[in-house]
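**Student:** First the structure, which I've put down as structure tokens, then a few questions once you've had a look.
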Amino acid sequence: MKQVTIKNIASTLNLSVSTVSRALNDHPDIHTKTKRLVKKAAVELGYNPNIIARSLKSSRSNQIGVIVPEIRHDFFANAISGIEEVAYQKGYTIIIAQSNEQQEREVINLNSMYLHRVAGIIVSISQTTTSSSHFKRLIERGVKMVFFDRVCDDLDTPRVRVDDMESSYKVVEYLIKHGYKKVIHFAGPRTLEICRNRRRGYEKALKDLRVGYEPLIFEGGMHESDGYNLANELLKNGINSCAIFAVNDPVAVGAVKRLKESHIEIPGQIGIVGFSNNPITEMISPALSTVDQHSFEMGRKAAEILIDQIEGGKYPSSELDIKLETKLILREST
């Protein structure tokens, strides 16, 4: 079968090749009606853009690298979906790698993507990442990079995230105003800025709203097993009446599992709030209160910014620190 080209589409619609090309690439100078007409004809004629030829012609790849701590985490899976949707619309494909929360693997993934000449990279750093030097090295070589959720603030790169401190403050404020006399924080690793900021929000809320009350923080990781172990530690300390604000949903889910094993009433004895609004929070019993940080939209925004940077966007990266709104979702656990 003969391959359909832009010239075929142009001939069918009696348009110039340049108009068809710009319509397929959503150029702002092309009228929306013309874009729809061209895209409809492209589908009907069976046109497939030759991405490899296009990248060779432009001396750059049309692939975007995405590095996340773990793909199985619903937050990152949804963010990847948002990234892929925008990338597809703009004529890019994505390569996904996971660091598995290890800086060493993050470095390997980063270097591999550089060798594959990706057009740019979207990253959420691992919980063991203590240095940004491996990112800085590639940025200095001209690689476009955008961070989301877990970011490196010491780099002059675009960032897409939420206000973790303010969001955490609102969680604790809600718990205090709704009668919980003791609020405990199950914190994540201090190496991650999101964990430090969620801790700060918790501490500030207690300072502002509960004068003289000392914060009580149990430190762990970001997984369900960490929440299970921290809840076990809580019970060993004789605490069975309080509210728990967990650093993320997996930690909160792990805590729920351990508390239910000890027949602790949720929310009767202990109320629990997570962070990120993973789908599992609606499926477990009791359904988990959480903070929705709109992961799909976060991925979309990160991809939009990166592609804008790749294609010569007008905004300097130093001005691009996007903070999305969050929403406290109240369910049975509080």
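Read-outs throughout are calculated quantities, based only on the coordinates presented, and are distinct from any laboratory measurement. Since the model is a prediction, treat every value here as computed from it, not as a measurement. Positions of Cβ are backbone-derived with ideal geometry, glycine not excepted, and every protein chain shown enters the neighbour counts.
**Student:** Once you place label points 7 Å from the Cα toward the Cβ at Phe296 and Gln269, how far apart are they in nm?
**Tutor:** Once both label points are built, they end up 3.8 nm from each other.
**Student:** Let a ≥ b ≥ c be the square roots of the eigenvalues of the Cα gyration tensor of segment 91-135; is it rounded (a/c under 1.5), or, if not, prolate (a/b larger than b/c) or oblate? Display every interim value, and only then the final one.
**Tutor:** On the way: a/c = 2.15, a/b = 1.80, b/c = 1.20.
Judged from the Cα gyration tensor, segment 91-135 comes out prolate (a/c at least 1.5, a/b above b/c).
**Student:** Could you work out the local net charge near Gly254, counting Lys and Arg as +1, Asp and Glu as -1, over the other residues with Cβ closer than 13 Å to its Cβ?
**Tutor:** On the way: positive: Lys257, Arg258, Lys260; negative: Glu224, Asp226, Glu233, Asp249, Glu261.
With Lys, Arg at +1 and Asp, Glu at -1, the neighbours total -2.
**Student:** Quote the convex hull volume per residue of segment 6-49, based on C-alpha atoms, as a whole number of Å³. Please report the intermediate quantities before stating the final value.
**Tutor:** Working: hull volume 2.6 nm³, N = 44.
Here the figure is 59 Å³ per residue.
**Student:** Go through [x] 146; [y] 161; [z] 134 and flag the label whose value is the computed volume of the Cα convex hull per residue in Å³ for this structure.
**Tutor:** [y]
**Student:** Among rounded, prolate and oblate, which fits segment 217-284 when a ≥ b ≥ c are the square roots of the eigenvalues of its C-alpha gyration tensor, a/c under 1.5 means rounded, and a/b larger than b/c means prolate?
**Tutor:** On the way: a/c = 1.70, a/b = 1.26, b/c = 1.34.
Oblate.
**Student:** Here's a follow-up. Using the Karplus curve 6.51 cos²θ - 1.76 cosθ + 1.60 with θ = phi - 60°, work out ³J(HN,Hα) for each residue of segment 271-285 in order, rounded to whole Hz, and write x for Gly and Pro.
**Tutor:** x, 9, 10, x, 7, 2, 6, 5, x, 5, 5, 8, 8, 6, 10
**Student:** Work through the residues other than Pro215 whose Cβ is under 11 Å from its Cβ and net out their charges, Lys, Arg +1 and Asp, Glu -1. List each step's numbers first, then the result.
**Tutor:** On the way: positive: Lys182, Arg199, Arg200, Lys204, Lys207, Arg210; negative: Glu203, Glu214.
For residues surrounding Pro215, the net value is +4.
**Student:** Next question. Rounded to two decimals, what is Rg over Rh for segment 139-207 when you use alpha-carbon atoms and the Kirkwood radius?
**Tutor:** Details: Rg = 15.5 Å, Rh = 13.6 Å.
Over the Cα atoms of segment 139-207, Rg/Rh equals 1.14.
**Student:** Treating the angle as unsigned and between 0 and 90°, give the value, to the nearest 10°, between the Cα long axis of helix 193-209 and the longest Cα principal axis of the chain.
**Tutor:** 40
**Student:** Per residue and in Å³, how big is the convex hull formed by the alpha-carbon atoms of segment 59-136?
**Tutor:** Details: hull volume 6.2 nm³, N = 78.
Measuring per residue, one finds 79 Å³ for the Cα hull of segment 59-136.
**Student:** Residue by residue through segment 14-20, what is 3J(HN,Hα) from phi via Karplus (6.51 cos²θ - 1.76 cosθ + 1.60, θ = phi - 60°)? Round to whole Hz and write x for glycine and proline.
**Tutor:** Result, ordered by residue: 6, 10, 6, 4, 5, 5, 4 Hz.
**Student:** Determine the percent antiparallel among the DSSP beta bridges restricted to the chain, to the nearest 5. Mind dumping the intermediate values first?
**Tutor:** On the way: 3 of 36 bridges.
Bridges in the chain are about 10 percent antiparallel.
**Student:** What percent of all Cα-Cα pairs in segment 164-293 falls in each 5 Å bin, counting up from 0?
**Tutor:** Values per bin, smallest distances first: 2, 12, 24, 26, 22, 11, 2, 0.
**Student:** In degrees between 0 and 90, to the nearest 10, how far off the longest principal axis of the chain does helix 164-177 point, with axes built from Cα atoms?
**Tutor:** Orientation of helix 164-177: about 40 degrees from the principal axis.
**Student:** Using amide H atoms built 1.01 Å from N in the peptide plane, name the residues 5+ places from Ile244, or on other chains, whose amide H lies under 5 Å from its own.
**Tutor:** Counting only residues 5 or more places away or on other chains, the set is Ile184, Gly271, Ile272, Val273.
**Student:** Peptides 254-266, 117-129, 11-23, 73-85: what's the order by average Cβ count within 10 Å, highest mean first?
**Tutor:** Working: 254-266: 17.7, 117-129: 23.3, 11-23: 16.2, 73-85: 20.5.
Descending mean neighbour count gives 117-129, 73-85, 254-266, 11-23.
**Student:** Here is a follow-up. In what sequence, highest mean first, do 105-113, 183-191, 32-40 appear when ranked by Cβ atoms within 10 angstrom?
**Tutor:** Result, highest mean Cβ count within 10 Å first: 183-191, 105-113, 32-40.
**Student:** Right, here's the next one. At what distance in angstrom do the alpha carbon centres of segment 261-334 and segment 69-97 lie from each other?
**Tutor:** 16
**Student:** Hey, another quick one. Taking Cα atoms, how many degrees apart are the long axis of helix 74-89 and the longest axis of the chain, rounded to 10 and kept between 0 and 90?
**Tutor:** Approximately 20 degrees, to the nearest 10.
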